[in-house]
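The values are calculated or read from the model by the stated rules, or taken from the named source; none is laboratory data. Treat the numbers as computed from the prediction; the structure is a model and nothing was measured. Here Cβ is always computed from backbone atoms with ideal geometry, including for glycine, and neighbour counts include all displayed protein chains. Just so you know, the surface numbers come from the protein's heavy atoms only, side chains and all, with ligands and any DNA or RNA stripped out. Shrake-Rupley method; radii C 1.70, N 1.55, O 1.52, S 1.80 Å.
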Amino acid sequence: MTVKEIRRIARNKIAQVNAYLEQKGKKRYFAVYPEWKELCFNQEEVCQTEEKKKNPFYSQIVFLLGGTKIAESLLDLALAVYFYPKFGAVLKECFGYMATIEMACQLEEGEEVFYQEQSGLYNQSSIILEYDKKGPFLYTTFYVDNRLIGYLCGDRNVDRRLLGIAELFLPERELGPIFIRKEIYRQIKEILQEKQNVVLLKGERGIGKKFLLSHALKDCGYGVVFASVPMIFKKRQDGMAIIRLIVREALLYSCGICLYDITNENLKKSEITVKEFLQQVKGIIGSFPIPVYFCMEKDVEILPYLSVPAAQFTFDALDRKERIEMWEGYSSLYQLKLDGVLLGSKYKFTPDEIKKACIQLKAREKGGRLEEGQIAMVLGEILPPVQTRGRIEPWHPNCSLDNLVLPEETKRKIEEACLRIWHSYQVYNQWNMESKFAYGKAVSILLSGPPGTGKTMAARVIADRLKLPLYHVNLSQLVDKYIGETEKHLEEIFLNTERGNIILFFDEADAIFSKRSDITDAKDKHANTEVSYILQRLESYDGIVVLSTNYKGNIDKAFIRRMQIVISFHLPDKKERHMLWERCFPEETPKEGIDFIYLAEQFELNGSEIKNIVLTAAFLAAEEGKPVCMKHIINGIKSEYRKIEKPIIMGEFGKYAYLL
C-alpha cells in the first residue's frame, strides 16, 4: 500500500463525516474549509478505496482492533486526523473530540454495539494505536503514529523507539547451519508445533538459545520479536511503554516475543523483581494469545511465578567435543585453515563467541594460514575483560622457553604441563579417559624452589607456549581479616576466570595454601575451613592454575596431591650461571673484557641476582659513557650483596678485588 492509497482512505472517511454532518444539519462546520468539497468521491472512487482496504497490512490492523465495522471506522478516523490535521480540529469543534470509539459508533449507526465490544475495542486499540488517556474510554482520542503508516506501506523495520532494544525476526530470514545440539533443536520445534505459548530457555549468554529457537521458529513458519530485557528497563519508568511497543510489533506480524538477557543481576540493576517483571509483561499482553519465549541464565527462576504451562530447556556449557565441532564447522563455513581440535581444547568459548572469532579471523586473514600468535590476539579481543576488582592483574608473557636457563629435565616438565592442554581432546574424549576422571581435570602446576631460580619466568613461559593470557593473583587484595571474606574473594576470581581462557598465577602460594593445623582456638578452625574450601574449589575448577612457592614444605600435602604437575627448581650450577651471565647481555649492549668464566665459578648467585647485577652494571657504564666491563660488574655485585645483607669478603673477589 502506498501513502497515496492511504490518503485516499483518509479522504474517503472525511467525505463520510461531511455527509454525516450534512444529514445532521451541521454543514456549517465544513463551510470554513471550501477545499474539502473536493473530497466527496463518486461511487467509483469509493469502490476503489474499498478494494485497497483488502491490503493484508490494513486488514491485519482492523483484525487486531476487533475486526468490526466500528473498529475499521476508528482506524480510518485516526488516519484522516494524521494526514489532515484541520479535519481533527473540525471534529473537536463539532463534537468536542476527534477519533474516538463514540465517534466511530455514530458514523456506523446501522451497527449494533454492546458495551463489552466497546470495552474490548478500547483495550485492543490502546495497544495498536496511540491514545490520550484523559476522560472515559468511549471518548478517549486515538491516533496513528509514523510506525503504523510505515507498516501499512510494507516497512518491516521495528518502531524507531525500539532501536537497540528489539529486533524483528521473520521466517524468510537466512540462518547459519546448526553444528551441535540438534536434538534440543528438534525438541523445541516439536513444542512450537504443539502451540506451546510459554517456553523457557536457560543457559549462559551466547550458548545458542536464541539461535536454536530461531531455527525452530523458521521451520515452523513463525516469526518473533527479540527484545533485550536490560534495555527495556534501562529507565524503569519507560518499561511498560516499551513493552507495549514490543507487543504491538508482535501482533502486527502475528508472531511471538522472545525476552532475552534475563539475569538476576540485570533485574537488580533495573530495580525490579522477577515477579514484578512477569506482572508487567502479563499486564501488557493481556488477552492477546502471544507466544512468549524467555531466554535467561540458569539461576533465574521464572517457573514458580507462572500461572500457565511452560516448557523448559536447559543449555549446559559446551563440552570439549562440542567446542571442537563448532570450531571445525565455522572454519569450514568461512574457509579458514584452523586447528579446531587445538582451539576447542584451549578456549572455552560459547557458540556465539566462536562465530565472532571466525568472522574476525577471516577479516584479518591475508591468503595464508594465520600464525598461532595472531589467532591468540584475535581471540583475546573476543572475550569481555575479566572483572578483577584489583585482585588479579594481567601479566604479559613475553618470555620463551629458550630464555630459561634450566636443566633439561625441568624444561621437559614445563613442556609436559603444556601437553595437558594440547592433547586434552585426544586423552579425555577420543580415549574416553573422562569416564574415569570425571572431576579434577584442572591443569594445576606447582613450581617450587629457592628465590630467584626462574619460577615466575616459567609461569610466563607456560603462558607463552599456550598463547593464553596470564593473570597474577594479588594476595594483598585477596586475603581478608574477616572470616569468610577470603573465600568469597577467591570464589569471585574462580567464577570470573573459569571460562576466560586465562592462566591464574598464585605467587608465594604458601600464604593461602598452607598446611592445616590442630584446632586450639576459633582462628585455627577458620583457617582450616579456608584451606578446605580452597582444596575443594581447586579440584572443581576447570581451568589452568599455576602456584609458586619458595617453601614447598609449608604447603598442605592435600594440595600437592591434587597438583597434576610439580616442578622443582634449584640454584644454578657453574655451567648454568655461565649461560645466565652471557644471556643477560643483549647484542646491542657494548661490553668489554668481561670474564664470564670467572664470574660463574666464583660467585654462587641465582638468576634473579645475576639479572639485577647486570642491570646495575649497565647503568654505571652508561653514566661513564663506556662499555660494560668487569669494574661495573664487580660494583654491581657489591650493590647486590649490600641489598641482601651478605658480607663483602675481599678474598671472594680474588684478582678483581682491586675494583671494589
- How far is helix 69-83 tilted, in degrees, relative to the longest principal axis of the Cα atoms in the chain, given as a value from 0 to 90 rounded to the nearest 10? 70
- Item | Per residue accessible area of the stretch 250-359, 1.4 Å probe, in Å² | 45
- Task: Please list, in chain and number order, the residues 5+ apart from Val566 or on another chain whose amide H is under 5 Å from its amide H, with Hs placed from the backbone.
- Result: Leu446
- Pairs beyond 23 Å (Cα-Cα), from Lys69/Lys195; Lys321/Lys356; Lys411/Lys631; Lys268/Lys355; Lys591/Lys638; Lys210/Lys355: Lys69/Lys195; Lys411/Lys631; Lys268/Lys355
- Item | Positive dipole terminus of the chain, leading residue within Thr410, Asn398, Met433 (C-beta point charges) | Asn398
- Carbon-plus-sulfur fraction of the accessible area of the chain, 1.4 Å probe, in percent? 51
- Task: Give a residue-ordered list of calculated ³J(HN,Hα) values for the stretch 321-334 (Karplus: 6.51 cos²θ - 1.76 cosθ + 1.60, θ = phi - 60°; whole Hz; x for Gly, Pro).
- Result: 4, 5, 4, 5, 4, 5, 4, 5, x, 6, 4, 5, 4, 9
- Calculate the dipole size of the stretch 190-281 relative to its Cα centre from +1 charges on Lys and Arg beta carbons and -1 charges on Asp and Glu beta carbons; express the result in debye to the nearest 20. 260
- Contour minus Cα-Cα span, Lys182 to Gln430, at 0.36 nm per residue, comes to 87.2 nm
- Note on the structure: Per the helix-only model, the chain has a calculated mean residue ellipticity at 222 nm (DSSP H runs of ≥4, -39500 (n - 2.57) each, divided over all residues, rounded to the nearest 500) of -15000 deg cm²/dmol
- Using packing as a proxy for protection, rank 196-207, 444-455 so that the peptide with the highest average count of other Cβ atoms within 10 Å comes first. 444-455, 196-207
- Query: Antiparallel as a % of all DSSP beta bridges within the chain, to the nearest 5?
  - Reply: 25
- Hull shadow area, averaged, the stretch 275-425 [alpha-carbon convex hull, nm²]: 14.9
- In µm²/s, what is D for the chain at 37 °C and 0.692 mPa s, where D = kT/(6 pi eta Rh) by Stokes-Einstein and Rh is the Kirkwood radius from Cα pairs? 105
- Provide the descending list of Cα extents for the stretch 198-301 along its principal axes, expressed in whole angstroms. 37, 30, 18
- Message: Check which residues have an amide H placed less than 5 Å from Leu470's amide H, if you skip close sequence neighbours.
- Response: Trp395, Ile503
- Item | Ranked order, Asp299, Asp339 - accessible area, probe 1.4 Å, largest first | Asp299, Asp339
- Item | Whole-Hz couplings from phi, Karplus 6.51/-1.76/1.60, listed for the stretch 166-182; x for Gly and Pro | 9, 9, 8, 10, 10, x, 7, 5, 7, 10, x, x, 8, 9, 9, 6, 5
- Taking every pair of Cα atoms in the stretch 391-462, average 1/r, invert it to obtain the Kirkwood radius, and report Rg/Rh to two decimals. 1.04
- Query: So, by mean Cβ neighbours within 10 angstrom, what's the order for 133-143, 631-641 with the highest one leading?
  - Reply: 631-641, 133-143
- Message: Starting from the 7 Å offset along Cα-to-Cβ, what nm value, one decimal, do you get for the label separation of Lys4 and Met650?
- Response: 11.2
- State, as an integer percentage, the relative contact order of the chain based on alpha-carbon contacts under 8 Å between residues 6 or more apart. 9
- For Gly256, list long-range residues whose amide hydrogen, built 1.01 Å from N in the peptide plane, is under 5 Å from its own amide hydrogen. Gly223, Val224, Val225
- Work out, step by step, the length gained on full extension between Asn403 and Ser568: first 0.36 nm times the residue separation, then minus their alpha carbon distance; give nm to one decimal. 57.6 nm
- Message: Roughly how far apart, in whole Å, are the Cα centres of the stretch 532-590 and the stretch 594-631?
- Response: 26
- From the backbone phi of the stretch 579-591, what are the Karplus-calculated ³J(HN,Hα) couplings (6.51 cos²θ - 1.76 cosθ + 1.60, θ = phi - 60°) in whole Hz, Gly and Pro given as x? 5, 5, 4, 5, 6, 6, 9, x, 4, 6, 7, x, 9
- Assuming a viscosity of 1.567 mPa s and a temperature of 4 °C, what translational diffusion coefficient in µm² per second does Stokes-Einstein assign to the stretch 101-210, Rh being the Kirkwood radius over Cα pairs? 70
- Note on the structure: Here the FRET efficiency for Gln374 versus Tyr658, based on Cβ atoms and R0 = 56 Å and rounded to 0.05, is 0.55
- Item | Cα-centre dipole for the chain with unit charges at Cβ (Lys and Arg positive, Asp and Glu negative), debye to 20 | 440
- the stretch 252-377: relative contact order in percent, alpha carbon pairs under 8 Å with at least 6 residues between: 21
